[in-house]
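> First the structure, then my questions, so here it is.
The values are calculated or read from the model by the stated rules, or taken from the named source; none is laboratory data. Predicted model only: the values in this text are computed from it and were never measured. With ideal geometry, Cβ positions are generated from the backbone for all residues, glycine too; neighbour counts draw on all protein chains shown. For the accessible areas, the whole protein counts, side chains as well, though only heavy atoms, and no ligand, DNA or RNA atoms are used. Shrake-Rupley method; radii C 1.70, N 1.55, O 1.52, S 1.80 Å.
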Amino acid sequence: MKIVALIPARKNSSRIKNKNMKKFKKKPLIQRTINIAKKIKGIQGVYISTDDENIIRLGLKLGVKVPWKRPKKLSTKSATSESVIKHFLSWYQKEIGKVDALLLLQPTSPFRKIKSIQ
(Lines give C-alpha, C1' and ligand atoms only; values in the text may rest on other atoms or scores of the structure.)
Protein backbone atom coordinates (compact mmCIF):
# COMPACT_ATOMS: atom_id res chain seq x y z
CA MET A 1 0.00 0.00 0.00
CA LYS A 2 1.38 3.40 -1.01
CA ILE A 3 0.80 6.04 1.68
CA VAL A 4 1.99 9.65 1.51
CA ALA A 5 1.78 12.32 4.18
CA LEU A 6 0.63 15.87 3.49
CA ILE A 7 1.21 18.79 5.84
CA PRO A 8 -0.93 21.81 4.92
CA ALA A 9 0.59 25.00 6.32
CA ARG A 10 -0.91 28.27 5.12
CA LYS A 11 1.04 31.42 5.96
CA ASN A 12 -1.61 33.86 7.13
CA SER A 13 -3.90 32.56 9.80
CA SER A 14 -6.86 34.87 10.33
CA ARG A 15 -6.38 34.84 14.12
CA ILE A 16 -2.70 34.12 14.87
CA LYS A 17 0.04 35.64 12.72
CA ASN A 18 2.53 33.03 11.44
CA LYS A 19 0.73 30.36 13.48
CA ASN A 20 2.54 27.38 11.92
CA MET A 21 5.94 28.89 12.78
CA LYS A 22 5.02 29.60 16.42
CA LYS A 23 7.33 27.81 18.81
CA PHE A 24 6.10 25.10 21.12
CA LYS A 25 8.74 23.64 23.43
CA LYS A 26 11.48 25.52 21.52
CA LYS A 27 10.52 24.24 18.03
CA PRO A 28 8.10 25.66 15.47
CA LEU A 29 4.81 23.75 15.21
CA ILE A 30 5.58 22.88 11.58
CA GLN A 31 8.94 21.37 12.58
CA ARG A 32 7.31 19.19 15.24
CA THR A 33 4.88 17.89 12.61
CA ILE A 34 7.68 17.23 10.11
CA ASN A 35 9.70 15.36 12.73
CA ILE A 36 6.73 13.12 13.58
CA ALA A 37 5.87 12.52 9.91
CA LYS A 38 9.39 11.37 9.12
CA LYS A 39 9.21 8.73 11.88
CA ILE A 40 5.97 7.11 10.74
CA LYS A 41 6.58 3.66 9.30
CA GLY A 42 5.17 2.91 5.86
CA ILE A 43 5.09 6.48 4.55
CA GLN A 44 6.55 6.80 1.04
CA GLY A 45 6.94 10.58 1.20
CA VAL A 46 6.24 13.62 3.33
CA TYR A 47 5.01 16.70 1.47
CA ILE A 48 4.20 20.25 2.52
CA SER A 49 1.61 22.45 0.83
CA THR A 50 2.33 26.08 1.77
CA ASP A 51 2.50 29.63 0.51
CA ASP A 52 5.11 30.61 3.15
CA GLU A 53 8.73 30.98 2.02
CA ASN A 54 10.01 30.36 5.57
CA ILE A 55 8.10 27.08 5.80
CA ILE A 56 9.36 26.07 2.36
CA ARG A 57 12.98 26.68 3.43
CA LEU A 58 12.52 24.85 6.75
CA GLY A 59 10.79 21.90 5.10
CA LEU A 60 13.54 21.50 2.51
CA LYS A 61 16.20 21.84 5.22
CA LEU A 62 14.49 19.08 7.22
CA GLY A 63 14.34 16.78 4.20
CA VAL A 64 10.69 16.82 3.20
CA LYS A 65 9.31 17.57 -0.24
CA VAL A 66 7.87 20.95 -1.15
CA PRO A 67 7.23 20.57 -4.89
CA TRP A 68 5.61 24.00 -5.37
CA LYS A 69 4.40 27.09 -3.62
CA ARG A 70 0.68 26.74 -2.91
CA PRO A 71 -1.50 28.74 -5.34
CA LYS A 72 -3.06 31.94 -4.00
CA LYS A 73 -6.61 30.62 -4.46
CA LEU A 74 -5.75 27.82 -1.99
CA SER A 75 -4.06 30.20 0.46
CA THR A 76 -7.08 32.19 1.57
CA LYS A 77 -9.04 31.82 4.78
CA SER A 78 -11.93 30.39 2.78
CA ALA A 79 -9.80 27.62 1.21
CA THR A 80 -10.63 24.22 2.68
CA SER A 81 -8.38 21.32 3.62
CA GLU A 82 -10.35 19.31 1.08
CA SER A 83 -9.39 21.70 -1.75
CA VAL A 84 -5.73 21.55 -0.70
CA ILE A 85 -5.86 17.73 -0.62
CA LYS A 86 -7.49 17.58 -4.06
CA HIS A 87 -4.84 19.92 -5.47
CA PHE A 88 -2.05 17.81 -4.00
CA LEU A 89 -3.50 14.48 -5.15
CA SER A 90 -4.09 15.80 -8.66
CA TRP A 91 -0.45 16.91 -8.86
CA TYR A 92 0.87 13.71 -7.26
CA GLN A 93 -1.04 11.34 -9.52
CA LYS A 94 -0.04 13.30 -12.62
CA GLU A 95 3.65 13.68 -11.71
CA ILE A 96 4.45 10.59 -9.61
CA GLY A 97 1.66 8.05 -9.76
CA LYS A 98 -1.12 6.37 -7.87
CA VAL A 99 -1.46 6.74 -4.12
CA ASP A 100 -3.55 4.39 -1.97
CA ALA A 101 -3.89 6.57 1.11
CA LEU A 102 -3.11 10.06 2.31
CA LEU A 103 -2.17 10.96 5.87
CA LEU A 104 -3.08 14.57 6.63
CA LEU A 105 -1.04 16.08 9.46
CA GLN A 106 -2.05 19.52 10.68
CA PRO A 107 0.84 21.52 12.20
CA THR A 108 -1.44 22.79 14.96
CA SER A 109 -1.69 19.38 16.64
CA PRO A 110 1.56 19.21 18.64
CA PHE A 111 0.36 16.57 21.11
CA ARG A 112 -0.02 13.72 18.59
CA LYS A 113 1.98 10.57 19.15
CA ILE A 114 3.50 8.26 16.55
CA LYS A 115 1.83 5.31 18.24
CA SER A 116 -1.60 6.89 17.76
CA ILE A 117 -0.94 7.44 14.06
CA GLN A 118 0.43 3.94 13.48
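> I need the full set of residues from the range 12-25 which are part of a loop (DSSP other than H, G, I, E, B), open to solvent by 60 Å² or more (accessible area, probe 1.4 Å) and touching a helix residue (DSSP H, G or I) at 6+ places or on another chain (Cβ under 9 Å), in order please.
Pass one, the range 12-25, residues part of a loop (DSSP other than H, G, I, E, B): 13-16, 18, 22, 25.
Still in the running and open to solvent by 60 Å² or more (accessible area, probe 1.4 Å): 14-16, 22, 25.
Selection gives Lys22, Lys25.
> Is it fair to say Thr76 is in contact (Cβ under 8 Å) with a residue 60 or more places away in the chain and either of a type in the set (A, V, I, L, M, F, W, C) or not in a strand (DSSP E or B) (or both)?
no
> On to the next question. Taking the conditions exactly as written (more than 23 Å from Thr80 (Cβ to Cβ), of a type outside the set (Lys, Arg) and open to solvent by 10 Å² or more (accessible area, probe 1.4 Å)), does Asn54 satisfy them or not?
Yes, satisfied.
> Quick check, is Gly59 open to solvent by less than 30 Å² (accessible area, probe 1.4 Å) and out of contact with any helix residue (DSSP H, G or I) (no Cβ under 9 Å at 6 or more places or on another chain)?
Working: open to solvent by less than 30 Å² (accessible area, probe 1.4 Å): yes; out of contact with any helix residue (DSSP H, G or I) (no Cβ under 9 Å at 6 or more places or on another chain): no.
No, not satisfied.
> Right, here's the next one. Exactly one condition in (1) in a strand (DSSP E or B); (2) more than 17 Å from Ala5 (Cα to Cα) is not met by Asn54; state its number.
(1)
> Give the range 72-118 a look and list any residue that's open to solvent by 70 Å² or more (accessible area, probe 1.4 Å), over 24 Å from Asp52 (Cα atoms) and small (Gly, Ala, Ser), or say none.
Answer for the range 72-118, where residues must be open to solvent by 70 Å² or more (accessible area, probe 1.4 Å), over 24 Å from Asp52 (Cα atoms) and small (Gly, Ala, Ser): just Ser116.
> Can I ask one more? Please tell me if Ile48 is assigned to a helix (DSSP H, G or I), surrounded by 12 or more Cβ atoms within 10 Å (Cβ to Cβ) and at pLDDT 95 or above.
Details: assigned to a helix (DSSP H, G or I): no; surrounded by 12 or more Cβ atoms within 10 Å (Cβ to Cβ): yes; at pLDDT 95 or above: yes.
In short, no.
Here's the yes/no breakdown for (1) open to solvent by 20 Å² or more (accessible area, probe 1.4 Å); (2) among the polar types (S, T, N, Q); (3) without any contact (Cβ under 8 Å) to a residue 12 or more places away in the chain:
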residue	(1), (2), (3)
Ile3	yes, no, no
Arg10	yes, no, no
Lys27	yes, no, yes
Ile30	no, no, no
Thr33	no, yes, no
Lys38	yes, no, no
